[in-house]
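The values are calculated or read from the model by the stated rules, or taken from the named source; none is laboratory data. These numbers were taken from a predicted model, which means no experiment stands behind them. Note: ideal-geometry Cβ built from the backbone for every residue, glycine included; neighbour counts use all protein chains shown. Keep in mind that these areas ignore ligands, DNA and RNA; they rest on the heavy atoms of the full protein, side chains included. Shrake-Rupley method; radii C 1.70, N 1.55, O 1.52, S 1.80 Å.
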Amino acid sequence: MLFMALVVAVPIFEVWLLIQVGHQIGVLPTIAILVAEAILGGWLLKREGGKAWKALNDALGTGRMPSGEMTNAALVLVGGVLLMLPGFASDLIGFFFLLPFTRPWARRIVGFFVARRVQSLGVNVPVMRARLRHEDLIEGEVVDATKRQRRDDTVISGEIE
């Protein structure tokens, strides 16, 4: 439902914003800015996409999980596409995703929303993180030591790291 609302609302907002800018600076300068942003977006997509692809291959070559590299590659791809679409609002978001000094913030924001969505689906996020890091994970529960234990219970004393 939200997706459908965005599909309708975003283009209407983009057209409204283009009309407002066109009234302020004129039609030809507005078109020139849009063309320049598309060219810059294509160049940035090629440059940053190449870097993201190399980092992804390096991570896979060393045998580690490329989660950050995958996120960077996805952000570069989405940012490049947004920059090539006509519109000023989509260009701002595209630059935010594509530029190397703003991408860490974009990665945190996207990660926050993805984590909220995953938790709302009932996925145990700490268990998934441990599995992605290939850590040994022993699931259990905290038992109050003062309560009487059944004979078949095994209690392991110690601290959790």
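Observations on the model:
- Per this entry, L17 is not counted among residues that are under 23 Å from P104 (Cβ atoms) and either exposed (fewer than 12 other Cβ atoms within 10 Å of the Cβ) or among the hydrophobic types (A, V, I, L, M, F, W, C) (or both).
- Odd one out for G42 among (1) more than 30 Å from A115 (Cβ to Cβ); (2) modelled with pLDDT of 90 or more: (2)
- Each residue in region 59-80 was checked for being open to solvent by less than 80 Å² (accessible area, probe 1.4 Å) and under 21 Å from P100 (Cβ atoms), and 14 of them qualify.
- Tabulated pairs, region 1-20, first touching a residue at least 60 places away in the same chain (Cβ under 8 Å), second β-branched (V, I, T) and surrounded by 10 or more Cβ atoms within 10 Å (Cβ to Cβ), C-beta under 8 angstrom, 6+ apart or interchain: L18/T30
- Checking each residue in region 33-50 for being open to solvent by 60 Å² or more (accessible area, probe 1.4 Å), free of Cβ contacts under 8 Å to residues at least 24 places away in the same chain and not β-branched (V, I, T) picks out W43, K46, R47.
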